1. Please name all residue pairs, on different chains or six or more residues apart, with Cβ atoms under 7 Å, provided the first residue is in the range 86-98 and is in contact (Cβ under 8 Å) with a residue 12 or more places away in the chain and the second residue is among the hydrophobic types (A, V, I, L, M, F, W, C).
2. Which fully enclosed helices (runs of 4 or more DSSP H) of the range 1-98 have 2 or more residues being modelled with pLDDT under 90 and of a type in the set (Phe, Trp, Tyr)?
3. Hey, Tyr103 hits all of (1) surrounded by 10 or more Cβ atoms within 10 Å (Cβ to Cβ); (2) over 16 Å from the mean Cα position of the chain (by Cα); (3) among the hydroxyl-bearing types (Ser, Thr, Tyr) but one; which does it fall short on?
4. May I ask you to list the residues in the range 87-100 that are loosely packed, with under 12 Cβ neighbours inside 10 Å and either in contact with a His (Cβ under 9 Å, 6 or more places away or on another chain) or under 19 Å from Phe38 (Cβ atoms) (or both)?
5. Which residue out of Ile61, Ile65 is out of contact with any Ser or Thr (no Cβ under 6 Å at 6 or more places or on another chain), within 19 Å of Ile41 (Cβ to Cβ) and either among the basic types (Lys, Arg) or surrounded by 10 or more Cβ atoms within 10 Å (Cβ to Cβ) (or both)?
6. Only one of Thr71, Thr59 is touching a Phe, Trp or Tyr at 6+ places or on another chain (Cβ under 7 Å) and more than 21 Å from Pro37 (Cα to Cα); which?
7. Out of the residues in the range 47-59 that are out of contact with any helix residue (DSSP H, G or I) (no Cβ under 8 Å at 6 or more places or on another chain) and in contact (Cβ under 8 Å) with a residue 12 or more places away in the chain, which is nearest to Leu102 (Cα to Cα)?
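The values are calculated or read from the model by the stated rules, or taken from the named source; none is laboratory data. All values derive from a computational prediction rather than experimental measurement. Here the Cβ is made from the backbone with ideal geometry for all residues, glycine too, and neighbour counts use every protein chain on show.
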Amino acid sequence: MKGLIGAVLGGLLFLAFIGVSFVTGASEKGSPERDIPFPEIPRVTKEELKAMLEKGKVTLIDVRIEEQWRTSDQKLPGAVHEHPFEAKVWAAKYSKDEPLILY
């Protein structure tokens with residue numbers, strides 16, 4: 001009986017993995033857009049970010065969950081922390097005339 005339950009659970013896990021891969025396109029490699037989640041969201045390189053920071057026309061927002069942010073020793077200087085699931089609450093605090101860089 002335990003063997004049957006294990007086989008059924010194993011099969012379900014396999015199907016769940018295959019289903020996720022199919023839906024997200026994880027099995028389709030080739031174009032860089034397929035490898036990046038939410039490709040419609042603009043990205044910046046570290047060089048572009050450095051230039052933006054030097055001009056002072058950007059706001060850095062760290063959107064890691066509270067525990068990850070609090071315990072991390074890797075924080076960008078000048079970044080502010082905001083809760084990732086409360087964007088509707090904090091988004092209005094920032095100027096629409098300056099780019100927001102969320103990480």
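1. Filtered contacts from the range 86-98: Tyr94/Leu100; Glu98/Val58.
2. On the way: elements: 2-24, 32-35, 46-55, 66-71, 87-90.
Passing ranges, in order: 2-24.
3. Tallying (1) surrounded by 10 or more Cβ atoms within 10 Å (Cβ to Cβ); (2) over 16 Å from the mean Cα position of the chain (by Cα); (3) among the hydroxyl-bearing types (Ser, Thr, Tyr), Tyr103 fails exactly one: (2).
4. Step one: filter the range 87-100 for residues loosely packed, with under 12 Cβ neighbours inside 10 Å, giving 88-89, 92-93, 95-97.
Those that are loosely packed, with under 12 Cβ neighbours inside 10 Å and either in contact with a His (Cβ under 9 Å, 6 or more places away or on another chain) or under 19 Å from Phe38 (Cβ atoms) (or both): Lys88, Val89.
5. Details: Ile65 fails: within 19 Å of Ile41 (Cβ to Cβ).
On inspection, the qualifying residue turns out to be Ile61.
6. Values: Thr71 fails: touching a Phe, Trp or Tyr at 6+ places or on another chain (Cβ under 7 Å).
Exactly one residue qualifies, and that residue is Thr59.
7. Just the residues of the range 47-59 that are out of contact with any helix residue (DSSP H, G or I) (no Cβ under 8 Å at 6 or more places or on another chain), to begin with: 47-57, 59.
Filter once more, keeping what is in contact (Cβ under 8 Å) with a residue 12 or more places away in the chain: 49, 52-53, 57, 59.
Values: Leu49: 11, Met52: 14, Leu53: 14, Lys57: 14, Thr59: 8 Å.
My answer is Thr59.
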